[in-house]
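Inspection log for the structure reproduced underneath, given as structure tokens.
The values are calculated or read from the model by the stated rules, or taken from the named source; none is laboratory data. This structure is a prediction, so every number in the text was calculated from the model and none was measured. These area figures cover heavy atoms from the full protein model, side chains too; ligands, DNA and RNA do not enter into them. Shrake-Rupley method; radii C 1.70, N 1.55, O 1.52, S 1.80 Å.
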Amino acid sequence: MRRALNRPPQAAAYAALITASVVWGGSVVAQKVALDAFSAVEVSVFRGLGALGILVPLWWWQEQSKTRLTVRDLGVLTALGFAVLGNHLLILYGLQHIGAGSAGVIIGASPAITAFLSSLMLHDVPFRRVWVGCAVSFIGVALVSGGDATADGGANPMLGGGLVVLALISWALYTIGSRWMMEGLSPLTVNWTTLFISIVFQVPLLWVDPQVLEAGIGSISPSGWAALVYVIVFATALGQQAWLYGVSGIGPSRAGVFTNLIPVSALVLSFVILGESLDLIKVLGIGFVLGGVWLVNRSSET
């Protein structure tokens, strides 16, 4: 029997989810910029280590004497750590083949994917209620993935889009599993332990995908450092903590709706910062993605 923790107020949960979603929209752009200076594995490992430097002292100060982990907890946290690893690396590798704005639109399908898997795994919502909305969102993903990548700094949008979708599946599994874990563990505990586990399994990959390790620290531009700091502080430490806090308050299905803000902020920031195109295909894609998410949310509530 897991000990239930006090859930945060709904207003605080909503505020945390909005913050996380807007921050993550900017993170898509920041990761694209960071990939000019670092390899995908280096960005993932460095962002994780930097975030742990923030989260672990905070956890030690607030909760270490209260946290008790069972063998079963460790097993589930390890599985969730692999989901974090998959999400971080697959998005980064995807961004090597597709523009940040297009990736942000695809990430907008995250609620549909979460609802789809949640209906199959948890049976919290009948599958017949969500499949239409999921299909509409996936049409939007297909539109964006099949678009012209020449103006967006991506050479293979189909491959990049596919990798981003796989990253979203990893995140959906993480969201579903972490909600169960947070019935007895705090969001902060789940956050840093799963992040730590993901880093442990990524460190050996640094020798497979080196860039800075070969070129040296001097090869990193100021924009590269700024992008990495943003990803560490806002996207990984604060963003993920805010997301888990919100999920613990209102649940994964309702929380997923707030990721609607990610494609909007990613599209705008990729246009302003990176100079990526803002064309009709992306507008149609985001329309299908968000329309599908709306259908999923409406069907889940009836």
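Multiplying the residue separation of Leu280 and Val203 by 0.36 nm and subtracting their alpha-carbon distance yields 23.6 nm. Using the Karplus relation 6.51 cos²θ - 1.76 cosθ + 1.60 with θ = phi - 60°, the per-residue 3J(HN,Hα) values for region 289-296 come to 4, 6, x, x, 4, 4, 5, 4 Hz, with x marking Gly and Pro. Label region 162-295 by shape, choosing from rounded, prolate and oblate, from the square roots a ≥ b ≥ c of the eigenvalues of the Cα gyration tensor; if a/c is under 1.5 it is rounded, and otherwise prolate applies when a/b is larger than b/c, oblate when it is not. Judged from the Cα gyration tensor, region 162-295 comes out oblate (a/c at least 1.5, b/c at or above a/b).
Amide H to amide H distances under 5 Å link Gly99 with Gly154, where only residues 5 or more positions off or on other chains count and H is placed in the peptide plane.
In order along region 263-271, the Karplus-derived 3J(HN,Hα) couplings, from 6.51 cos²θ - 1.76 cosθ + 1.60 at θ = phi - 60°, round to x, 5, 5, 5, 5, 5, 5, 5, 6 Hz, and Gly and Pro are given as x.
Given springs between every Cα pair under 10 Å in a Gaussian network model of the chain, which of Val208, Val190, Val229 has the largest fluctuation? Top of the fluctuation ranking is Val208.
The portion of the accessible surface of the chain made up by carbon and sulfur, rounded to a whole percent, is 70 (1.4 Å probe; DNA, RNA and ligands excluded).
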